[in-house]
Amino acid sequence: MKKTVISIIFALFAVSAFAQSTVVSGSVIDSLTLVGEPAAVVQFFKSNDLEKPIAFTTADNDGNFSQMLTGAGEYVAVYSNVGRKTVSKTFSISGEERVSIGQILIQDDVEVLDAGRVTALRPLVKMDVDKMTYKVADDVDSKTTTVLEMLRKVPMVSVDGEDNITVNGSSSFQVLVDGKPNVMISSNPSQVFKSMPASSVIDIQVITNPGVKYDAEGVGGVLNITTTRAQTGGAMPELDGYNATVGLNGSTRFDNGYGYGLRTFVTGQNGKFTYSANLNLNRTISDGMESVTSQSMLGPSGEELSNTTSKSLSGSKSLMGMASLDLGYEIDKLRLVSASAGVMLMNSNSATNQLTGITGFQTMSYSSIMNSDMKMKSITASVDYQRSFSGNPDKSLVFSYQLSSRPMDSYSKTLFDVNDAFLSSMYTNRYSDGLSNTIQNTFQVDFSDKWIEKITFNAGAKYISRLNKSDQNQFFEENGQWVKNDAASELYRHDNNIAAAYLQFSYATGNFSAKAGARYEHTFQSINYLDGKGKSLNVNYGDLVPSASVQYNLTMQQNLGLSYNMRIRRPGITYLDPYVDISDPTMKFYGNHDLQTERAHTLNLVYNYFSNKVMLNVTLRDTYCNNGISNYSFYDADGIMNTTFGNILKSNTVGANIYANINLGSKTRIMLNASAGYSTMDNPLLEQRNEGFNGMALIGLQQTLPWDLRLSANIMGNTSTKTVDGWRSGMSMAMCSLTKTFLDDRLSVALSGTVPIAKDLKMVMESHTAGPDYKMDSMNVMPMSQASINITWSFGNNKNVRIKKTRTSITNDDLMDRSTGSENSGDATSMMSSQTN
């Protein structure tokens, strides 16, 4: 009987204890943008003991959190993070199963003195579980430079001396603008970012482990340029108003060119309706580019049979314009619709004077003048509809549609001055013109819900209908008349349809979180030669792309993460198009329609530390690919150098990236962005193998001087880079800027300068490549010294307007395009990575 009573007492006590276990939930929200704070850490205290937390938890990607607490009474939830004000919220538990404490609104922690002048340093980098965000708008250099120059400071991103961009050591990455694809930027990121003012950008996100919700494309991950912030919260009529910015910039390369630009941005809200419009115009003129190329044909024993050496001097002019419009309307608290439209124009022309000498089988020389023009447009329009569900903030359904087109008109003309009769028959004047376009329609649906406590479920489907068209014509001059070369012209059509679906589960509890999922993409391709010159074909294939990650919070200031993901990249029309470019009579360039999807596997190990004075990220990364797309060259039977593409590259790269930000008080910041890696590369087709070390580093100082002058100084350098068939030289440069604001920060004036750390203050880039029957050396001398001025005027009656957008939208950049000038040629560039998830 006694044992029975004791058992009953213990059972009642256990039931009572269980009944007092309560799940506390809420969300951490940015008070300015009303966007959830990913990976926010929330501590829980007893109200009578604020020294030692009884529990802590990590929010999900939307800022939502939950934590089980045992026992009735009063508690305090506390949010604290570097660069943010500490916020606490008191609540009570009295035996309920669930308690919602609502939103914890957070804001940047800055010291505001008289006249609202900010003197404390805002953190430039935000370290989330799945990405790193560089806050361009908070960097003083953003007022004086371009997006391309800002990318040199972004963790996990590298820009070499020839402006080639790599993310995590790979030239294959997605490029998004405000979370949406832009076809022109995807195909020409370096050229567009070089003309895009950094002051038009809010932040740059580097997502190196995107998970299965994103397209599987992009070996290096995703680069998202944010110009307008998303907002998923409710309408706030008290924020009605507008805000606008107008800016002018000018630059000079002294005797070698100049540039100027105009930009304007306006955003506003009227009740449930929000809008923003953006316009950028930039003109750039550059002269004095010198180039020397030596190309040799080799015999069976490696002896030189012939040599072609060319020296050239070139200049270019470009005009770029961008315009966009974003609209958002909140139908009610549960339904939101957003729409956007944009157009980008780029016109460029270049002139090259070249002198070529040939030795070997016979000695001869000729000179040539080549003029080329390119007109490119990118037109996009999209609409998104989001449906939320009452009483369940984790549940949402989003439908999206996007239409995009990228027409391009190219023209190239080469005139020869040849004294030799034999050469005159070979090197005749010629020109080519071509029209190409990529038109695509995209449909997408995304669903998110929390099935059970701590487990989030995401699923979605997507369909892309893409049409690539190319009409290329080539002409030769005969007896003063232009005659079409039918053999070298083509009419080409490539249909590429992709169906995809994904499933992902996320789990978070206390100091541990995990995510796993898979994405399946099936591609249907058809290639047709409308002029009958090639063999039409149909290709269907599928790709299953897994992704998984875990993260553990060692302390409130440290976390450790491990992730695996597989990424792919599909060849675009410029890689597939077999059109033969013979504008240079000593060379042929053409694509390969037999190319297959490239697949790469990546393993990341990440450590993060953050405090009020120090932010540190250390990432170790290993990437393996056994069918990489690479260009390769060879001599044909006519002694002409041919360059095309193939799935010929096997590579493995191990590397490390370190990003550190140290605040030495409220007026001084030191930052370091560095990476190092070791790569091995094999090309079985040509029996080539290479391996080597590479690295880069940027050291920066930002200092607030007397009279509130903002000084920024940066020094950066890259080591030489190995490729499977050779190497490219490194570079170093220094950048400095000085900024002053007036009229309560509404007027900003900034001066900046950039100089290469080299002889004669000119950037010299050298490269060497070699194959079984050839070797090639080149040297490019580029005048990079530049001074610029930037003036910005801001006005309006509401600085807090943000466009309401759906939680998810279409992201399409699943193509690689050789017009970027950064195709994968087996580069052993720096391996860099961000947080796992």
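Points to keep in mind about this one:
- The calculated P(r) of segment 559-631, using every Cα pair and 5 Å bins from 0, goes 4, 12, 15, 12, 11, 10, 9, 8, 7, 5, 4, 2, 0 in percent.
- Within the accessible area of segment 420-552 (1.4 Å probe), percent carbon and sulfur: 59
- Per-residue 3J(HN,Hα) values for segment 651-657, derived from phi via the Karplus relation 6.51 cos²θ - 1.76 cosθ + 1.60 with θ = phi - 60°, read 9, 9, 10, 10, x, 9, 10 Hz in sequence order (x marks Gly and Pro).
- Summing Lys and Arg as +1 and Asp and Glu as -1 over all other residues whose Cβ lies under 10 Å from the Cβ of I331 gives a net charge of +2.
- Between N48 and D373, the modelled label-to-label distance comes to 8.4 nm, taking each label 7 Å out from Cα in the direction of the beta carbon.
- Remark: the Cα gyration tensor places segment 337-377 in the prolate category, a/c being 1.5 or greater and a/b exceeding b/c.
- Residue-by-residue Karplus 3J(HN,Hα) for segment 254-259, coefficients 6.51, -1.76, 1.60, Hz, glycine and proline x: 6, 8, 10, x, 7, x
- Rounded Å value of the spacing that divides the Cα centres of segment 38-74 and segment 345-391: 54
- With a threshold of 19 Å on the Cα-Cα distance, the over-threshold entries among K272/K333; K194/K311; K46/K450; K131/K454; K131/K722 are K194/K311; K46/K450; K131/K454; K131/K722.
- When the residues L327, L298, L649 are ordered by accessible surface, computed with a 1.4 Å probe over the protein chains alone, the sequence from largest down reads L327, L298, L649.
- Filter on K126/K153; K317/K413; K317/K375 - keep pairs with C-alpha separation over 19 Å: none
- Considering only M566, A488, A508, the residue lying farthest towards the positive end of the dipole of segment 473-597 is A508, judged by Cα position with unit charges set on Cβ.
- When C736, C625 are compared by accessible area at a 1.4 angstrom probe, the order from most to least is C736, C625.
- Remark: the L305-F693 segment gains 136.4 nm on full extension, using 0.36 nm per residue and subtracting the alpha carbon distance.
The values are calculated or read from the model by the stated rules, or taken from the named source; none is laboratory data. The structure presented is a predicted model; accordingly, all values stated were derived computationally and were not measured. Ideal geometry is used to build each Cβ from the backbone, glycine not excepted, and the neighbour counts take in all protein chains shown. What goes into the accessible areas is simple: the full protein's heavy atoms, side chains included, and nothing from ligands, DNA or RNA. Shrake-Rupley method; radii C 1.70, N 1.55, O 1.52, S 1.80 Å.
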